[in-house]
Amino acid sequence: MRIPTELTKTAEGLHVWLPEGAGLWGLANCALITSEDEALLVDTPYTTALTAALAEAAGDVMAPGTAITRVVNTHPNGDHTFGNAYFTGAEIISTDMNLERLCSEPTPQQTQSLVRDSACDEPLGWYARKHFGDYDYTGLDVVPPTTTFSGEHTLRVGSTEVRLIEAGPAHTAGDLLVHLPEQGVVLAGDVLFIDDHPVHWQGPLSGVIAACERLLALRPEVVVPGHGPVVGPAEVRAYVGYLRELEGLIHEGYARGVDAYAVASEILAGGFHPQLGLAERIVILTAVEYRHLGGGGVTVPNTIGLLAGAARWAFEQAQPTRASGTAGRPS
Ligand SMILES: [Zn+2]
């Protein structure tokens with residue numbers, strides 16, 4: 001993992017913190033909106049150490065005397081909210097639904113316990129150590145939003161207009177997009193992943209597609225995903241194509257009566273977008289889609305249970321195949 005020491009200027013008054021997180025969980029993008037002597041941060045990193053690194057980099061681009069006094073959380077996952085506590089006294093803005101669902105997210109302590117106390121020879125324990133074992137959650141407290149809204153909420157940072165647009169249920173139940181109309185930029189949060197297969201805990205995929213179409217209707221020139229490099233609208237359209245293709249494959253498997261894990265395994269065995277990282281997330285996307293197809297509706301996702309499914313597939317892939325070794329070797 002490479003932690004950036006600088007923010008990248010992406011538009012006038014917008015700097016983005018872009019950790020190189022391809023193939024990794026937990027390294028999300030954050031964005032700093034500055035104008036005059038005001039600064040607003042969109043999403044906060046996963047740990048105190050990451051947040052301190054971001055805050056130091058932010059200090060280099062803010063006018064002297066400027067402090068981050070406002071934070072927006074695009075959704076309640078820890079890799080976008082655990083750093084909230086670092087900004088003591090800040091106003092934290094999100095949707096009503098994000099606040100409601102924050103209490104059903106795995107806490108820093110639960111995640112730490114999963115890494116430390118689970119059996120390392122079982123799929124979930126093995127996977128948790130591999131993907132979350134490098135993070136230190138010690139002393140992290142979850143700090144909830146202090147200002148919430150439903151629908152749309154417009155604010156100003158200095159002279160910059162910032163529009164917050166609720167676009168869930170999609171990745172989570174209450175995702176929001178951040179639109180900077182004067183700059184032609186949308187910050188997508190985890191509605192959009194680039195370079196890795198996405199994970200969408202809430203779904204259904206049609207909800208994620210609708211959120212992406214809502215984003216495209218804002219006609220941005222620049223789109224910042226929750227994870228991965230900054231892109232333009234063409235990449236968002238390609239991502240919508242990916243989602244539609246996946247939706248079709250899952251629905252076809254469901255109609256055949258095949259169980260979710262088997263369908264996900266089939267999709268992966270067929271080489272579905274093999275250039276993308278974290279293929280095992282297809283197991284999560286399929287399980288969530290099946291819940292909707294089965295009439296499960298908008299229930300609170302079982303994050304750890306879904307992660308266990310992905311871990312099972314990754315664990316199976318990592319085992320030596322029966323064909324290898326000395327068995328069957330001609331004598
Ligand atoms: Zn994320």
Cα long-axis angle, helix 108-117 against the chain (0 to 90 degrees, to the nearest 10): 30 degrees
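For the stretch 39-137, what value does the Rg/Rh ratio take when both radii are computed over Cα atoms and Rh is the Kirkwood radius, given to two decimals? Each step should come with its number before you reach the end.
Details: Rg = 15.5 Å, Rh = 14.8 Å.
My calculation puts Rg/Rh at 1.05.
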Under the Debye formula (equal points on every Cα, no solvent term), log10 I(q)/I(0) of the stretch 139-206 at q = 0.15, 0.22, 0.24, 0.28 Å⁻¹: -0.61, -1.05, -1.11, -1.20
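Summing -39500 (n - 2.57) over the DSSP H runs of n ≥ 4 in the chain and dividing by its residue number, what mean residue ellipticity at 222 nm do you reach, to the nearest 500 deg cm²/dmol?
It lands at -11000 deg cm²/dmol.
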Computed magnitude of the charge dipole of the stretch 8-318 (debye, nearest 20; Cβ of K, R +1, Cβ of D, E -1): 420 debye
Within the stretch 271-297: backbone nitrogen closer than 13 Å to the residue 129 label point (7 Å, Cα to C-beta): none
Relative packing of peptides 226-239, 162-175, 79-92, 110-123 - highest average C-beta neighbours within 10 Å first: 162-175, 79-92, 226-239, 110-123
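Quick one: length gained pulling residue 6 to residue 150 fully straight, 0.36 nm per residue minus the C-alpha distance?
Working: separation 144, 0.36 × 144 = 51.84 nm, distance 3.36 nm.
So the extension gain works out to 48.5 nm.
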Size descriptor, Kirkwood hydrodynamic radius, that averages inverse alpha-carbon separations across the stretch 217-309, Å: 14.7 Å
Binned Cα-Cα distances of the stretch 1-76, short to long, each 10 Å bin given as a whole percent: 20, 56, 22, 2
Between helix 48-59 and the chain: long-axis angle, C-alpha atoms, 0 to 90°, nearest 10: 40 degrees
The stretch 168-221 - convex hull of the alpha-carbon atoms, volume per residue in Å³: 66 Å³
If the convex hull is drawn through the Cα atoms of the stretch 8-318, its volume per residue in Å³: 117 Å³
Cα centroid separation - the stretch 187-240 against the stretch 38-61, whole Å: 23 Å
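Rounded to whole Å and ordered largest first, report the semi-axes of the equivalent ellipsoid of the stretch 151-244 derived from its Cα gyration tensor (root of 5λ).
Numbers: eigenvalues 88, 44, 22 Å².
Working from the Cα gyration tensor, I get semi-axes of 21, 15, 11 Å.
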Angle in degrees between helix 123-132 and the longest Cα principal axis of the chain, rounded to the nearest 10: 30 degrees
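Computed from the coordinates by the stated procedures, all read-outs in this text should not be read as laboratory data. Note that the structure is predicted; figures quoted are calculated from it, not measured. Quick reminder, even Gly has a Cβ in these numbers, built from the backbone with ideal geometry, and neighbours come from all protein chains shown.
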